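What follows draws every value from the coordinates through simple rules; no lab data is involved. Quick caveat: nothing in here was measured; it's all calculated off a predicted structure. We place every Cβ from the backbone using ideal geometry, glycine too, and count neighbours over all the protein chains shown.
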């Protein structure tokens, strides 16, 4: 069916809404995107503009913007004479922070295992590079974050622990000196933040071992021990993986 022109302001309920279109777009995108990654909308399901417009009470413009955003994430595709259809998982941009957040709500354990398997290799490489090239100021910051992790664990402060853990791994990746690896910091940040979003424990059960490994990794980088830094980063990933397997 061919869409008719957008309704006039008098007929369009959105034109009377005080919320900006960007907020409406974000809301619809969040709901529909979450439904796709959760499997409630399945591969080859068709997303009809009119059905979505009526469901959310928004304009066709908002729905079309939403579909364009979903297509940019690889979740849907537009097909001539068919409409917009849901793509297979293999087409999704799985390392996009938004998709990571959506998947965490429905497939938290599965996604964490997948991401940790990738992090295991990338963070080991990053640690080795950081041991060779990280600046003194960044090393001091890494050691400080390791101390903050220990302090937060001792006081059972989950939020501070999560913030310090996120900053530690982000600095490790960005301090590698490799711009490609540094971009993976956004992925790791999104993955770690899903603990909070998915209402998971903010301090993992393996905290004593994990804390020791983080402190040892900071020390290995400070002493420019490349091989040891690589081994310790791998051990941190393996320790966290054991939480999910």
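Taking 7 Å along the Cα-to-C-beta vector as the label spot, tell me the residue 26-residue 105 distance in nanometres, rounded to one decimal.
Going by the 7 Å Cα→Cβ label model, 1.5 nm.
Put a dot 7 Å past each Cα toward the Cβ at residue 38 and residue 72; how far apart are the dots in nm?
2.4
Using 0.36 nm times the number of residues separating residue 46 and residue 183, minus their current alpha carbon distance, what extension gain do you get?
That works out to 45.9 nm of additional length.
Length gain on complete extension for the stretch residue 85 to residue 156, per 0.36 nm per residue less the alpha carbon to alpha carbon distance?
20.9 nm
Which whole-number percent of Cα pairs in the stretch 13-91 have a distance greater than 22 Å?
19
In angstroms, what radius of gyration and Dmax does the chain have, counting Cα atoms only?
22.0, 69
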